[in-house]
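One structure is given below, encoded as structure tokens.
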Amino acid sequence: MATDPTKLTMAQALNRALRDAMAQDGTVYVFGEDVGPLGGVFRITDGLTAEFGEDRCFDTPLAESGIAGLAVGMAMNGMRPVIEMQFDAFAYPAFEQVVSHIAKLRNRTRGRVSMPIVIRVPYAGGIGGVEHHCDSSEAYYAHTPGLKVVTPATPADAYHLLREAIASDDPVVFMEPKKLYWAKEEFDPAAPRPGIGTAVVRRPGTDATLIAYGPSVPTALEAAEAAAQEGRSLQVVDVRSIVPFDDETVCAAVRSTGRAVVVAEASGFASVASEIAARVTERCFHSLAAPVRRVTGFDIPFPPPKLERHQLPSVDRVLDAVDDLQWEDDQ
């Protein structure tokens, strides 16, 4: 039954998703660095310790590998841990636990042991952060069989995707775009939404398709609006779920326009953007009027805050890529 729509920021939507999941299921536990009484660096877990007690939402030592290892043991014993990696690049010490155990235990035991673990990772740039605070690390996880990888671009998706991730019996890496924590929209938490594994068309268009996810979706939408002022109609597809990937929706969108640009903040080489471009090319080759273009971060370590704007995909860079497509009617 639907409830009244509520206007929430993405941070508030994530907090509500955690609160609702913990209230409905006593096996859901939330832990990580500073997520207890402080409520997390970005206040995503604000109030959870006060409401559910220190046994259900608690602080851990500064030991990401230990956080992930604890989650493995809890999951093996029937609990549903939701762990936070305080910043994207802070998660690397836990990578061995994630890749060797969390991603593989269900297969290793032939399904006898489930890994219902959610790994929350605040990621990407746009907040003026320094090195180790602005990485786009999604490709590492997407390359690891056994992990689901999702990233919301709206408060509604943040709520619903996190609820689905917590309910999943497979491990989910939940990538949260830091610069979108304060984006606000009205939505109904009780209304049905597309699930994990489903992309959505955020804006219809006829001339070219922009494919984006997470922090790059607002940039793609802004570029489409700017293009409309110049007389071009750009469609925008929000991937939402990197793994599993929704080939059907993405490819249908590309076939309808015949042109595609993939927009992502991560470095371009061996990236999720590269995989999307390859999948679209393989599946839509006979419908393409031009090669698939990519607009990504540069292949460099994340720069200092003063240079951040040059690293991140911009509206101008997206529109340049669109202009670079082969437009037969302009020849």
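Looking only at region 277-307, count every residue that is within 17 Å of SER137 (Cβ to Cβ) and part of a helix (DSSP H, G or I) and tell me the total.
Looking only at that region, the number is 0.
Give the number of residues within region 10-24 that are in contact (Cβ under 8 Å) with a residue 60 or more places away in the chain and either over 20 Å from LYS178 (Cβ atoms) or not assigned by TED's automatic domain parsing to the domain that holds TYR123 (or both).
2
Does region 105-159 hold any residues that are more than 12 Å from the chain's Cα centre (by Cα) and hydroxyl-bearing (Ser, Thr, Tyr), and which are they?
Once the filter is applied, which keeps residues that are more than 12 Å from the chain's Cα centre (by Cα) and hydroxyl-bearing (Ser, Thr, Tyr), region 105-159 yields THR109, SER114, TYR140, THR144, TYR159.
Would you check if there is a residue in region 28-44 being surrounded by fewer than 16 Cβ atoms within 10 Å (Cβ to Cβ) and in contact (Cβ under 8 Å) with a residue 60 or more places away in the chain?
No, region 28-44 contains no residue that is surrounded by fewer than 16 Cβ atoms within 10 Å (Cβ to Cβ) and in contact (Cβ under 8 Å) with a residue 60 or more places away in the chain.
Of the conditions (1) surrounded by fewer than 20 Cβ atoms within 10 Å (Cβ to Cβ); (2) part of a helix (DSSP H, G or I); (3) of a type in the set (Val, Ile, Thr), ILE67 fails just one. Which one is it?
Of everything listed in (1) surrounded by fewer than 20 Cβ atoms within 10 Å (Cβ to Cβ); (2) part of a helix (DSSP H, G or I); (3) of a type in the set (Val, Ile, Thr), ILE67 misses just condition (1).
Residues checked against (1) of a type outside the set (A, V, I, L, M); (2) over 18 Å from GLY40 (Cβ atoms); (3) outside the structural domain of ILE44 (by TED's automatic domain parsing):
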residue	(1), (2), (3)
PRO152	yes, no, no
PRO155	yes, no, no
TYR159	yes, no, no
GLU164	yes, yes, no
ALA167	no, yes, no
ASP170	yes, yes, no
GLU176	yes, no, no
LYS179	yes, no, no
ARG193	yes, yes, yes
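Is region 31-45 home to any residue that is assigned to a helix (DSSP H, G or I), more than 20 Å from the chain's Cα centre (by Cα) and within 24 Å of PRO177 (Cα to Cα)?
So far as region 31-45 goes, no, none of its residues is assigned to a helix (DSSP H, G or I), more than 20 Å from the chain's Cα centre (by Cα) and within 24 Å of PRO177 (Cα to Cα).
Can you tell me which residue within region 113-170, out of those that are over 25 Å from SER100 (Cα atoms) and either among the acidic types (Asp, Glu) or touching a Leu at 6+ places or on another chain (Cβ under 6 Å) (or both), is surrounded by the most Cβ atoms within 10 Å (Cβ to Cβ)?
In this case the residue turns out to be ALA158.
When you scan region 70-185 for strands (runs of 3 or more DSSP E) that lie fully inside it, which ones turn up with 3 or more residues that are farther than 21 Å from ALA23 by Cβ and touching a residue at least 12 places away in the same chain (Cβ under 8 Å)?
Result: 118-123, 148-150, 172-177.
The values are calculated or read from the model by the stated rules, or taken from the named source; none is laboratory data. Please read all numbers here as calculations on a predicted model, not as lab measurements. Virtual Cβ from ideal backbone geometry, glycine too; neighbours counted across all protein chains shown.
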